[in-house]
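The next block holds one structure in the form of structure tokens; read it before the comments.
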Amino acid sequence: MSRSSGKLIDVAARLMSEFAARTGLVRATEHPRRYLWTDAFAVCNFLELSARTGEQTYRDYAILLIDQVHHVLGRYREDDARSGWISGFDEDKGRRHPTAGGLRIGKALKERSDAEPFDERLEWDRDGQYFHYLTKWMHALCQTSLVEAKPAYARWAGELASTAYQGFGAASASHHGLIGIFWKMSTDLSRPLVFAMGSHDVLDGFITFREVQNAMTTASGAEMNILEKIHSLAALTQDRNWTTDDPLGLGGLLFDAGRLCRLSENSHADAELLEALLDGCSRGLASFLCARPLARATSHRLAFRELGLAIGLKAVASIASEITQRRFGNSVALRRATDWLLRHESLGAEIINDWLSRGRQQDDSWRGHQDINDVMLATALIPDTFLSIGRPVR
């Protein structure tokens, strides 16, 4: 291990250890602070730290975090009139199937009631369930199943996938199948809190569900089948324009493209989807660069959104390698897109270095979202487990 690599591990280890203490993971507290998106990245980071350092403590943190997320976010809030597991199961069955009702976001305010008017600004701070947070948790569970060789984690990911599909899927009145994925649902998944449909949720669901099916197939004892749901989501990814200049959205597209490369069975449909994804990434990144966002004051920037792009850019080299091996045919468009993305790969390092110094200074722009900033910075420094799929971490 090089000296520079060792320094990155040290920084990531410090960030994650402080996060564990600050949010009530390792210090006894009645009210641990759990947030599903951040915790999904954190699980992968702890597994990566364990693999890099050989220290069992980090692996224990990952397992403890999963258990705590399930017991906090898999149940109704303390200020909710309802109580117990969201699934409605009794205590024993709820512990054995903690994801069967979905998982709360972990927002500061409880969800909007039926009687309350919709307030777009306030809705960002209200609880409920997000589909794209659930898919991140499925990914974390799949990675843990692989590392721990325990089928329960893969089974929980499968149960969460089934619940998310049923709860978030917007069905057509005229024909069978879905027409989209609602952006935000109530805690019990009985009603949409935001009727809009996330532009990338169907893609994220399609690829994540394939990852989950792969993990369940690999893990003996996690027998489930979600192939019908995968096929339904696949139909919604056809002929779509995935272009976005949002840095977090761009990072998510690159993350999805990297997983698609590893999951693909060299089908024509996968090649077409990958081409559309990378075209969207190239166009979106060009637009992002034209706006010169990194020249803006940090008070007008959000670290975790930019770090999402930095994490995604770490996947470009492996995507290019898969394409170079002609796993997707001899596509000129794919090679052109990856060549262009590789030329801008250093942007990720620029983002990391910029926010690494800001994180050390602990300025207001950093402290405002410290948990998610710290965890995603750690992921950007040691991204291998987060970007891995269907193979051992090492």
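Using the Karplus curve 6.51 cos²θ - 1.76 cosθ + 1.60 with θ = phi - 60°, work out ³J(HN,Hα) for each residue of the stretch 181-197 in order, rounded to whole Hz, and write x for Gly and Pro.
Residue by residue, the stretch 181-197 yields 10, 4, 5, 8, 10, 5, 4, 8, 6, 8, 7, x, 8, 10, 7, 4, 10 Hz.
Below 8 Å, C-alpha to C-alpha, sequence gap of six or more: please give me the relative contact order for the chain in percent.
18 percent.
Note the full-extension length gain between residue 324 and residue 122 as 0.36 nm times their separation in residues minus their Cα-Cα distance, in nm to one decimal.
Between residue 324 and residue 122, full extension yields an extra 68.0 nm.
Rounded to whole Hz and in sequence order, give me ³J(HN,Hα) for the stretch 297-307 from the Karplus expression 6.51 cos²θ - 1.76 cosθ + 1.60, θ = phi - 60°, writing x for Gly and Pro.
5, 4, 5, 10, 10, 10, 4, 5, 5, 5, 5
Could you give the length gained by full extension between residue 60 and residue 22, i.e. 0.36 nm per residue of separation minus their alpha carbon distance, to one decimal place?
12.0 nm
Against the empirical 2.2 N^0.38 Å scaling, what ratio does the C-alpha Rg of the stretch 312-385 come to?
1.42
Of the listed peptides 66-77, 111-122, what is their order by residue-averaged count of other C-beta atoms within 10 Å, with the highest listed first?
Output ranking for 66-77, 111-122: 66-77, 111-122.
Label-point separation (nm) for residue 294 and residue 235, each offset 7 Å from Cα along Cα-to-Cβ?
Modelled inter-label distance: 4.3 nm.
Of 107/136; 150/229; 136/229, which sit over 28 Å apart, Cα to Cα?
Check vs 28 Å cut-off fails for no pair.
List every residue whose amide H lies under 5 Å from the amide H of residue 184, counting only residues 5 or more places away in sequence or on a different chain, with H placed 1.01 Å from N in the peptide plane.
Sorted by chain and number, the residues that satisfy this are 193, 194.
Measuring from label point to label point, each 7 Å out along Cα→Cβ, what is the residue 108 to residue 263 span in nm?
The modelled label-to-label distance comes out at 3.5 nm.
Given a 1.4 angstrom probe, what's the average accessible area per residue across the chain, in square angstrom?
Per residue, the chain has 44 Å² of solvent-accessible surface.
If you plug each phi of the stretch 105-111 into the Karplus form 6.51 cos²θ - 1.76 cosθ + 1.60 with θ = phi - 60°, what whole-Hz ³J(HN,Hα) values come out, in order, with x for Gly and Pro?
Karplus values, whole Hz, x for Gly and Pro: 5, x, 5, 5, 9, 6, 5.
Describe numerically, in nm with one decimal, the distance between label points set 7 Å from Cα along Cα→Cβ at residue 5 and at residue 78.
4.4 nm
Based solely on its DSSP helices, what 222 nm [θ] is calculated for the chain when runs of n ≥ 4 H residues each add -39,500 (n - 2.57) and the sum is averaged over all residues, nearest 500 deg cm²/dmol?
That calculation yields -19000 deg cm²/dmol at 222 nm.
Calculate the FRET efficiency for residue 223 and residue 91 from the Cβ-Cβ distance with a Förster distance of 25 Å, rounded to the nearest 0.05.
0.50
Carbon and sulfur: what percent of the chain's accessible surface (1.4 Å probe)?
Carbon-and-sulfur percentage of accessible area, whole number: 50.
Given that compact globular proteins tend to follow 2.2 N^0.38 Å, what is the ratio of the alpha-carbon Rg of the chain to that value?
My calculation over the Cα atoms of the chain gives 0.94.
Within the set of other residues whose C-beta is less than 10 Å from the C-beta of residue 49, count the net charge using Lys and Arg as +1 and Asp and Glu as -1.
Net local charge, residue 49 excluded: 0.
Which residue, 143, 238, 129, has the most motion in a Gaussian network model of the chain that connects Cα atoms within less than 10 Å?
238
The values are calculated or read from the model by the stated rules, or taken from the named source; none is laboratory data. Computed from a prediction, not measured in an experiment: that's the story for all the values here. Backbone-built Cβ (ideal geometry, glycine too); neighbour counts: all protein chains shown. We work out accessible area using only protein heavy atoms, side chains counted, and drop any ligands, DNA or RNA first. Shrake-Rupley method; radii C 1.70, N 1.55, O 1.52, S 1.80 Å.
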